[in-house]
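Participant: This structure is in structure tokens; I'll ask about it shortly.
The values are calculated or read from the model by the stated rules, or taken from the named source; none is laboratory data. Keep in mind that this is a model prediction, so the values were computed, not measured. Every residue, glycine among them, receives a Cβ derived from its backbone with ideal geometry; neighbour counts consider all protein chains shown.
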Amino acid sequence: MSYEYIQYKESADYITSKLGPFKPEILIILGSGLGFLGDEVEQPIYIPYGEIPHFKTSTAPEHIGRFVCGMLCGKKVAVMQGRLHCYEGYSMQDVSYPIRVMRLVGADKVVVTNAAGCVNTEWKVGDIMLINDHIRLFGFGPLNGANIPEFGPRFNDMTDVYSKEYRSMAHEEADKIGVTLRDGVYMYFPGPSYETPAEVRAARILGADAVGMSTVPEMTVAAHAGMKSIGLALMTNMAAGVTGCSLSEGEVARTAAMTAESFSKLLRAILTRM
Ligand code: HPA
């Protein structure tokens, strides 16, 4: 469904009333198995999605479904513990709704994270990929429908969705702390089935290094609203057909848990420089 500007504003006003004088600058969206970072926020103010006007709630396993607002690495952040996905039955507009709301609350920077299937055969499970661009070929995007000029122009530029400046900074920080940071293209698939081996081969031919079911709706809207963004994808499994093994939710969760420490260390180092 499409939303009117007034709805975004009502949601934002509710959040602002809960936050008092606190104004988040950085929106952090946490993917599957990475929600624990929200627990590291200092002086947290919790806002469950269910109490915010017009908000939809996440049904995905492990996704708690709330904002945690407070300080992280000296920065004022709003962490999304849990996000929506189109495979839950939500539209691209629903999925990207919280980003526009947080833009109105005051955040002008975004950190997005996700669990992804690794398409690049030179990489391995547990690697972290800095997203340098994305591919979305399916259906309508989140900006389909009447443009809302308060957020951005009808035809918006997509050449620097994942800020070049942030990307070079992230590589510097990864080198400093000794975390291997890959660099690549994330390709969006609607899910909820994992991709077929043929789809994964097609993705590779098209230039993708990783495949996943999130991030692109949110980042499209963030780019439209002029937010400066960075994206990290955790390779939780080799994508379908790469190894001949079948894929499972269990593997995704296990890899996320195993990589939690280095992921958190890198994210903290990046945040400090944002
Ligand atoms: N495909 C799509 N989404 C995913 C995958 C995958 O292989 N792994 C984790 N999220």
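Participant: Identify all residues within the stretch 132-152 that are over 24 Å from Val211 (Cβ atoms), in contact (Cβ under 8 Å) with a residue 12 or more places away in the chain and either surrounded by fewer than 17 Cβ atoms within 10 Å (Cβ to Cβ) or touching a Lys or Arg at 6+ places or on another chain (Cβ under 9 Å) (or both); write none if there are none.
Facilitator: Filtering the stretch 132-152 for residues over 24 Å from Val211 (Cβ atoms) gives 145-152.
Checking which are in contact (Cβ under 8 Å) with a residue 12 or more places away in the chain leaves us with 145-146, 148, 150-152.
Once the filter is applied, which keeps residues that are over 24 Å from Val211 (Cβ atoms), in contact (Cβ under 8 Å) with a residue 12 or more places away in the chain and either surrounded by fewer than 17 Cβ atoms within 10 Å (Cβ to Cβ) or touching a Lys or Arg at 6+ places or on another chain (Cβ under 9 Å) (or both), the stretch 132-152 yields Gly145, Ala146, Ile148, Glu150, Phe151.
Participant: While we're here: Taking the conditions exactly as written (closer than 24 Å to Ile26 by Cβ, assigned to a strand (DSSP E or B), of a type in the set (Val, Ile, Thr) and modelled with pLDDT of 95 or more), does Val101 satisfy them or not?
Facilitator: no
Participant: Restricting to the stretch 226-265, what's the tally of residues that are more than 11 Å from the ligand (Cβ to nearest atom) and modelled with pLDDT of 95 or more?
Facilitator: Residues that pass the stated criteria total 7.
Participant: Any idea how many residues of the stretch 12-69 are of a type outside the set (Asp, Glu), surrounded by fewer than 21 Cβ atoms within 10 Å (Cβ to Cβ) and within 20 Å of Met227 (Cα to Cα)?
Facilitator: Number of matching residues: 4.
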